[in-house]
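First comes the structure, then the notes that go with it.
The values are calculated or read from the model by the stated rules, or taken from the named source; none is laboratory data. Only a predicted model underlies this, so the values are computations on that prediction, with no experimental measurement involved. Here the Cβ is made from the backbone with ideal geometry for all residues, glycine too, and neighbour counts use every protein chain on show. Just the protein is used for accessible areas: all its heavy atoms, side chains included, with ligands, DNA and RNA removed. Shrake-Rupley method; radii C 1.70, N 1.55, O 1.52, S 1.80 Å.
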Amino acid sequence: MKGTNLGEFEELVLLTVASMVNEAYSVAICDDLEKKTKRSVKLGVVHAVLNRLEEKGLAKSRLGEATNARGGKRKRYYTVTNAGKSALLKAKELRDQYWSIIPELSLKRI
Amino acid sequence: MKEHNRIFPPKWATQLLTWYCKPELLEDLQGDLTEYFERNVKSKGVKKAKLIYIIDVLNFFRLYTIRKPAFINLFINYVMIGSYIKTSGRSIVRNKLFSFINIVGLAVSMSVGLVLIGVLSDILSYDRFHVNRDKVYRLISRYEYLGDKGNSFMATTSLRAARHVQENFAGVEEVAMLRSMQGDFKFNEKTIPLNGFWANPALFEVFTFQLLKGNPSTALNEPFSLVLTETAASKLFGNEEALGKSIVYNDKAYTITGIAKDVPFFSHIKFEMLGSFNTLEIIEKED
């Protein structure tokens, strides 16, 4: 098994999935990421990351209902698993740890 | 959106995707691409949308999306195979002496078998090129001493036997006679040792030795005529024409009446030159 550490982009995708609750499917995630990060996000990359997250057990997916759009194909909705939540928390705690150490003075110069 | 003016992505690209993609990933991936396509049709036009769709389909050809070819399932049991290797390795280590005896025995027997196959196929490939190979017989002689018929055979026989067979037996087409000879052949300054036979013209009827130059039915008719193989001729004459030249052997001049193709490797009769048989009779009378 690959390590359970989150890469930067993996973390972003997983956060997006968590924030979109029940509406998280590949194209919506892609759009949301593009809007928030202001960088172009390729569907292929997002798809690969979602697939990897599912393999690691951090996210799980289910197929939605068929609609008229998308050529009648179903969407695959992703949700964060408990392992995914704990991985996100761990990443956040790690960051917070560093932030608590950094003196405010050094940040004011920016 | 009305059904009839709906634009569809290129069909072949969709088919390509269906072909390579894992079935469990196919549906939503196809849906995603279609959604992007429909969006692009509105914002960028049909042509560009189709191009982007094709590029995306090719882009998704990745390790995790492609389905495994069916034959890979045969190797999926590699865990089991690994276990077999491990357990057999352990049993070899546990019974060192018997494993050693078994492996060495198998190796020896297999190599003996392979050697036998090699020897047999070598033996059986000899003299296959003769057209009349199933009609050729060899006259041999059995040695008798004081009425005791032993089992000692010789591969040769008297020259008289040849005449006798030809005159007294029906059904004998041709009798080829061969007497081995070797010696130094001189042409100008060059002296080269050659091996070969005295042979009568029937040789070319019985065996399939091709003449490149000269007439096979007359080449060995006249006394003191000689047939050389290509290699022997080039040894003596280089690039010069050999036919018709005369060379010296045992102080007598011989005329080259034919150039034969080199004897095939799988022939048990090997020669570099052939002398006409009636020369032998003349020489022996002189002696």
**OP:** Please indicate, with yes or no, whether at least one residue in the stretch B:148-158 is over 30 Å from residue B:208 (Cβ atoms), at pLDDT below 90, of a type in the set (S, T, N, Q) and within 38 Å of the chain's Cα centre (by Cα).
**Re:** yes
**OP:** Considering only residues that are assigned to a loop (DSSP other than H, G, I, E, B) and of a type in the set (Asp, Glu), look in the stretch B:214-254 and name the one that is farthest from residue B:204 (Cα to Cα).
**Re:** B:251
Original post:
Since residue A:40 meets every condition but one in (1) over 9 Å from the mean Cα position of the chain (by Cα); (2) more than 14 Å from chain B (Cβ to nearest Cβ); (3) more than 17 Å from residue A:76 (Cβ to Cβ), which condition does it not meet?
Top reply: (2)
**OP:** Check off (1) assigned to a helix (DSSP H, G or I); (2) away from chain A (no Cβ under 14 Å) for residue B:128 and give me the number that stays unchecked.
**Re:** (1)
Original post:
Restricting the search to the stretch B:145-190, which residues are free of Cβ contacts under 8 Å to residues at least 40 places away in the same chain and among the charged types (D, E, K, R)?
Top reply: B:148, B:149, B:160, B:163, B:167, B:173, B:174, B:189
**OP:** Could you tell me whether any residue of the stretch B:207-225 is within 27 Å of residue B:163 (Cα to Cα), under 32 Å from the mean Cα position of the chain (by Cα) and open to solvent by less than 10 Å² (accessible area, probe 1.4 Å)?
**Re:** no
**OP:** For the stretch A:52-62, state whether one or more residues are at pLDDT below 90, basic (Lys, Arg) and either in contact with a strand residue (DSSP E or B) (Cβ under 6 Å, 6 or more places away or on another chain) or part of a strand (DSSP E or B) (or both).
**Re:** yes
Subject >> Matching entry among B:66, B:81 (being farther than 30 Å from residue B:203 by Cα, β-branched (Val, Ile, Thr), open to solvent by less than 90 Å² (accessible area, probe 1.4 Å) and in contact (Cβ under 8 Å) with a residue 24 or more places away in the chain) >> reply: B:66
Subject >> When residues of the stretch B:35-49 are limited to those that are open to solvent by less than 80 Å² (accessible area, probe 1.4 Å) and within 14 Å of another protein chain (Cβ to nearest Cβ), the one nearest to residue A:45 (Cα to Cα) >> reply: B:36
Subject >> Filter result for the condition that a residue is open to solvent by less than 60 Å² (accessible area, probe 1.4 Å), modelled with pLDDT of 90 or more and more than 22 Å from residue B:156 (Cβ to Cβ), over B:194, B:228 >> reply: B:228
Original post:
Looking at the stretch B:11-28, which of its residues are open to solvent by less than 20 Å² (accessible area, probe 1.4 Å) and either more than 8 Å from chain A (Cβ to nearest Cβ) or modelled with pLDDT of 85 or more (or both)?
Top reply: B:13, B:17, B:20, B:21
**OP:** Kindly indicate whether residue B:184 is assigned to a loop (DSSP other than H, G, I, E, B), in contact with a Phe, Trp or Tyr (Cβ under 9 Å, 6 or more places away or on another chain) and either among the charged types (D, E, K, R) or modelled with pLDDT under 85 (or both).
**Re:** no
Subject >> Scan of the stretch B:50-64 for residues that are among the charged types (D, E, K, R) and more than 13 Å from chain A (Cβ to nearest Cβ), ordered by number >> reply: B:50
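Only one of B:101, B:55, B:92, B:66 is out of contact with any helix residue (DSSP H, G or I) (no Cβ under 7 Å at 6 or more places or on another chain) and either farther than 14 Å from residue B:10 by Cα or among the small types (Gly, Ala, Ser) (or both); which?
Going through B:101, B:55, B:92, B:66 in turn, just one is out of contact with any helix residue (DSSP H, G or I) (no Cβ under 7 Å at 6 or more places or on another chain) and either farther than 14 Å from residue B:10 by Cα or among the small types (Gly, Ala, Ser) (or both): B:101.
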**OP:** Say whether the condition of being in contact with a Ser or Thr (Cβ under 6 Å, 6 or more places away or on another chain) and surrounded by fewer than 17 Cβ atoms within 10 Å (Cβ to Cβ) is met by at least one residue in the stretch A:25-37.
**Re:** no
**OP:** Determine whether residue B:162 is aliphatic (A, V, I, L, M), in a helix (DSSP H, G or I) and assigned by TED's automatic domain parsing to the domain that holds residue B:266.
**Re:** no
Original post:
Can you name every residue in the stretch B:165-181 that is part of a strand (DSSP E or B) and among the aliphatic types (A, V, I, L, M)?
Top reply: B:178, B:181
**OP:** Under 6 Å between Cβ atoms, at least 6 apart or on separate chains: pull out the pairs that start in the stretch B:26-37 with a residue that is assigned by TED's automatic domain parsing to the domain that holds residue B:55 and end on any residue that is part of a helix (DSSP H, G or I) and of a type in the set (D, E, K, R).
**Re:** B:31/A:70; B:33/B:56; B:34/A:70; B:35/A:70
**OP:** Just name the residue that is least open to solvent (accessible area, probe 1.4 Å) out of those in the stretch A:54-74 that are under 23 Å from residue A:11 (Cβ atoms) and within 9 Å of chain B (Cβ to nearest Cβ).
**Re:** A:61
Original post:
Is there any pair with a first residue in the stretch B:221-249 that is acidic (Asp, Glu) and a second that is not in a loop (DSSP other than H, G, I, E, B) whose Cβ atoms are under 7 Å apart and which are 6 or more apart or on different chains, and what are they?
Top reply: B:222/B:276; B:230/B:212; B:230/B:259
